[in-house]
Every structure is written in C-alpha cells, then in structure tokens.
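Colleague: Structure incoming, see below.
The values are calculated or read from the model by the stated rules, or taken from the named source; none is laboratory data. Please read all numbers here as calculations on a predicted model, not as lab measurements. Don't worry about glycine lacking a Cβ; one is built from the backbone with ideal geometry, like all the others, and counts go over all protein chains shown. Each accessible area value is taken on the protein alone, full model and side chains, heavy atoms only, with ligands, DNA and RNA left out. Shrake-Rupley method; radii C 1.70, N 1.55, O 1.52, S 1.80 Å.
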Amino acid sequence: MKLPIYMDNHATTPVDPRVFEAMKPYFTEIFGNAASRNHSFGWQAEEAVETARKHVAKLIGATAKEIVFTSGATESNNLAIKGVAEMYQEKGNHIITVVTEHKAVLDSCKHLEKQGCRVTYLPVDRYGLVNLDDLRKVITDKTILISVMMANNEIGVIQPIKEIGQIAREHKVLMHTDAVQAAGKIPVNVDDLNVDLLSISAHKMYGPKGVGALYVRRKNPRVMLSPIIDGGGHERGMRSGTLNVTGIVGLGKAAELAYLEMPEETKRITHLRDKLQKSIFAQIPEVFINGHPTNRLPGNLNISFAYVEGESLLMGLSDVAVSSGSACTSASLEPSYVLKALGVGEELAHSSLRFGLGRFNTEEEVDFTIKKVVQAVNKLRELSPLWEMFQEGIDLKTVTWAAH
Amino acid sequence: MAYSDKVIDHYNNPRNVGSFDKSATDIGTGLVGAPECGDVMKLQLKINKEGVIEDAKFKTFGCGSAIASSSLATEWVKGKTVDEALQIKNTDIVRELNLPPIKIHCSVLAEDAIKSAVADYRKKQESLVKEEVLQTIS
C-alpha cells in the first residue's frame, strides 16, 4: 500500500491509465484541428471527437448531436444558465435553483440577478433534499429555468431529478441539472430524468481536467442557448473555440469505461464505503452522518466528529487525503454553506470530514483509514476541552462563550 | 496549506495537556473562544504565593495552529510571574510558530487565554482576601 492515500474523489479523480493511453497519440501524432475540413489531420481529429461524443451521449442516454464539449463543468453550468437566460428573456426572467448548488450555479445566478433576473433559491431539508411542493409553489409564468444538481458534492445526496423534471415539463419550464458528481457513478438518462440540459466534467470520472460537456436537448423541446463564448461557431454555435481534441478523447474514454464498469464498480465502492461507515460508528461515539443516510452517492461519506475540529483532524490524518467542511480549511473562514443549509450546527460543521471513495481505493486503504481516524479522533478528544465538558455532563449549549 | 515544523511538532507532541481542579484557589482557569467559531481554548495556571506560575495545562478544540499556540503558551508561562506572563503578546506566538496571516486569530486566542486565566486567579484571590477580612472582623 502506497502512502498517502487519496480519498477525496469528489474533488477530483486520477486519470485512469486506460484513459491516458487513449489520449496519448492525440498530443503529438494526431494533432489536427477537428475543424480542418480539407486534410486527413483534421479528419482524424474530427473522427476522434465524434467517437468521444457518442460515448458521452451513451453514458447519459442522449444522442451524440446533443453533446456540446466545454472546458469543464463550471463552463457547462455557466453556459446552461446564462445561455438560457439570454435566449429566453422574451419569455421570462425567473430562475429557480437550490441553496446547496455548486458555486458555478449559484454565482451564475447571482450574476444574472445583477442583470435584472429574479432567482429563487429553494431551501433543503435536513437530508439536503428539495421539497417538491416548495418547488411547485414558486413556479410562475415568468419562470424559464429550474436548475437542481443531481448529486451533491459535499454530502452526496441524490435529488429527485425525475420528479423535478416532470414538474418542469408540466409548466413548460426548462430543466438543467449539474450531474458532475452523478455521471459515471450512478445511472443517468436524460429522457428518463426529464432534463433538458445536463452538465458533466471529465476529471470527476477518471478523465483529464479542463474538459467537460453540456447536454442540450434537441427534441421535445428543442433547447436554444445564447453562447457565452463567441468565435468560430464550433459546437453548433453554442461554444466557439478550437476543440480540445486530446481532452475530449479522454472524456470519451472515461465515459465509455464508466458506462461499462458502473454496475461492478458501484457494488465494490458501496461495500468499501459501508465498511468505512460501520467501522467508524462502531469505534467512535458521538459521530453523525451529514446528509441522507442511504440516498447518496456510493463513494460518499460525510461525518461530523463532535468535539473535534476538522482541520486538526485532517492534520492527524496526514497519510489520508480527505476534506473538511470546517471553516479553517476554507479561505473564507466560513464553515460549509451546504452543511449549514441542512441545519447542521456550526460546531458540527467545523467537525465534519468528507470521504470520497473511488475506483482506485482498496480494502486495505479503507482499513488503514479507519485505524487512523479512530486514533486521530481519540487523540484530539483527549485534547478537547469540549469533550471534557461533555464527559462531565455539561450541556455546551448552556455555556456562555466568548465568541470572537 | 503547509504547516511550519514547529506547529507540526506541537501538534504531534502537545506540551502540558490536561486539567487542574478548577475550584482550587491556586488555579486560574481561562476558557476562551466558541465552538461555533471552530476554536475553544482552556488554559489553566497553577500560581504560588509569590505570584510565580509553577505549572500550566491546556486543552484546545481547534485547528493545528490553535493547538500549537496554546501548547506554546503553556511552555512560555511556566516559571514566569503573573505580570511577566501578561507581557506575552500574540505577535510573539505568530513569530515563534511562523503562523500565516489567516491563523493569527489562533495566537490572539492564546493571548486571551492567558489573560483570562490570570483574571480568574486574581478574582479568586480577591474573594479569599474578602473572606479573611470578614472572618477577622467577626
């Protein structure tokens, strides 16, 4: 077993060696511009791009022509939201999204608010789920887009996208989902889910960074987008710029592998995650799951270790790369807004760790991680005045703290 | 973020972890910070009749820099008089531990913990004196 162990697969994933192999020739040998129509260099590049497009489409149950390649999911989200807002401004100016979305969605919406759009940010319940009645209530005749992520990057909760998409259909509102964490991990089918726009990223599914895609429905309804990048009219005019052929080949191969291996991989990763969860709960008291206990991504485990601060816990786990919702780990000094939205108290948000298990994690690594987590939590609780007070039976909520 | 070697050393081998009986008259206890802010420090000083800090103990809920700041504070105050201990500035801690700007509040908290522990000790001494005076009068 090699140290350190990588267990932060929601942040990014390593490129699968098979993906890397597929990409290799496209750096140096097959370097043509996919838009060059007049020689074999261009044709070869175009062929590779179209093959990749088919694989990506297949992964999400779309047709190849509905895939627009981008620089990543941040761009895909920006394009979907800003593109719809501009294209459909005659129809309306109201967008509905959720407080726990990724910043690429939230900040795109904030940008549009400054330009006169109205945005409703739906709350979530303690599991991180949107309430469908809440959604129905806020739809107006000015609503043009609903954007709800399929699976959350922090807590892994899976939203009822099919039902949300159905509501959108009934009201003739377009439906976008940020499926960055879901695609390649759980089954995604755009027709089954009733979505019109869907964002994916290569580097969250063992492909390279810097490439992603946006699914844009072509039929029932035909979705139009104003581009946010103008130029040579690539990607049906929705995304100009010379195609990142190498990256797209990588995304295509990653999608192909994910499609083929998902059933097996899901079983294996779910087993590892469940083992991690059960062992931690069996060996450490006062731990809490953040998010939904069962309706979550196979590789996700977000836990708060009461009376222990997250960043110090990360320090104790120096051989295991995981992340924390603690403010100390963010530049803003604010704890995770996602955990706050669930109603997790700030003190527990500070105590949270996110484990993201992936394709390359082994049982041996999980066993090692369990051991390290137990050691670190025990050590830090010995050090913790809060743990001491808890042991003495003092209710921390009754203490007057000198907040700073 | 990379931690300085000194922070890592204090984190791995925290000095003077533990608790004294907080009701004892020669013990001053400082409890500063708040759980929702992500750091709470408890610093306790054992002070003799001459006003010298004989021993110190701490417990900290917080990041590695907060743990290191309070661990260092216990080392520094030992053997000092109460007045000398009050001279310890957070900037001294920042310098010693090489704390980045985002971690300065950890050092401030450690300075506050010393002040708060001394204040608690002094309050105890005052009430002791008052009791003695009352006893003498009656």
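Colleague: Could you tell me whether any residue of segment A:344-359 is on the phi > 0 side of the Ramachandran plot and open to solvent by 10 Å² or more (accessible area, probe 1.4 Å)?
Modeller: Within segment A:344-359, none of the residues are on the phi > 0 side of the Ramachandran plot and open to solvent by 10 Å² or more (accessible area, probe 1.4 Å).
Quick grid of which residues meet (1) modelled with pLDDT under 95; (2) crowded, with 16+ Cβ neighbours inside 10 Å; (3) over 20 Å from A:Ala151 (Cα atoms):
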residue: A:Lys278; (1), (2), (3): no, no, yes
residue: A:Gln283; (1), (2), (3): no, no, yes
residue: A:Asn300; (1), (2), (3): no, yes, no
residue: A:Ser323; (1), (2), (3): yes, yes, no
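So that you can scan it fast, the table gives a plain yes or no per residue for (1) assigned to a loop (DSSP other than H, G, I, E, B); (2) surrounded by fewer than 14 Cβ atoms within 10 Å (Cβ to Cβ); (3) among the polar types (S, T, N, Q); (4) touching a Pro at 6+ places or on another chain (Cβ under 8 Å):
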| residue | (1), (2), (3), (4) |
| --- | --- |
| A:Arg222 | yes, yes, no, no |
| A:Gly252 | no, no, no, no |
| A:Leu260 | no, yes, no, no |
| A:Glu264 | no, yes, no, no |
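Colleague: Output the number of the condition that A:His292 fails; it satisfies all remaining conditions of (1) touching a residue at least 12 places away in the same chain (Cβ under 8 Å); (2) in a helix (DSSP H, G or I).
Modeller: (2)
Colleague: For residues that are β-branched (Val, Ile, Thr) and away from chain A (no Cβ under 14 Å), scanning just segment B:61-103, find the one that is most open to solvent (accessible area, probe 1.4 Å).
Modeller: Ranking the qualifying residues of segment B:61-103, first place goes to B:Thr91.
Colleague: Here is a follow-up. Please enumerate the residues belonging to segment B:3-18 that are more than 20 Å from A:Pro385 (Cβ to Cβ) and either open to solvent by less than 40 Å² (accessible area, probe 1.4 Å) or within 11 Å of chain A (Cβ to nearest Cβ) (or both).
Modeller: Scanning segment B:3-18 gives B:Tyr3, B:Ser4, B:Ile8.
Colleague: Can you tell me which residue is surrounded by the most Cβ atoms within 10 Å (Cβ to Cβ) among those in segment A:366-387 that are more than 19 Å from A:Gly310 (Cβ to Cβ) and in contact with a Lys or Arg (Cβ under 9 Å, 6 or more places away or on another chain)?
Modeller: Residue satisfying both the conditions and the ranking: A:Val366.
Colleague: What are the residues in segment B:19-60 that are within 15 Å of the chain's Cα centre (by Cα), assigned to a loop (DSSP other than H, G, I, E, B) and within 7 Å of chain A (Cβ to nearest Cβ), if any?
Modeller: B:Ser19
Colleague: Residues that are surrounded by 14 or more Cβ atoms within 10 Å (Cβ to Cβ): which helices (runs of 4 or more DSSP H) entirely in segment A:1-76 hold 3 or more of them?
Modeller: Answer list for segment A:1-76: A:17-23, A:40-60.
Colleague: Sort out for me the helices (runs of 4 or more DSSP H) sitting completely within segment A:339-403 that have 1 or more residues that are of a type in the set (A, V, I, L, M, F, W, C) and more than 14 Å from every other protein chain (Cβ to nearest Cβ).
Modeller: In segment A:339-403, the matching helices (runs of 4 or more DSSP H) lie at A:363-383.
Colleague: Looking at segment A:127-138, can you tell me whether even one residue there is in a loop (DSSP other than H, G, I, E, B), free of Cβ contacts under 8 Å to residues at least 12 places away in the same chain and open to solvent by 10 Å² or more (accessible area, probe 1.4 Å)?
Modeller: Taking every residue of segment A:127-138 in turn, at least one turns out to be in a loop (DSSP other than H, G, I, E, B), free of Cβ contacts under 8 Å to residues at least 12 places away in the same chain and open to solvent by 10 Å² or more (accessible area, probe 1.4 Å).
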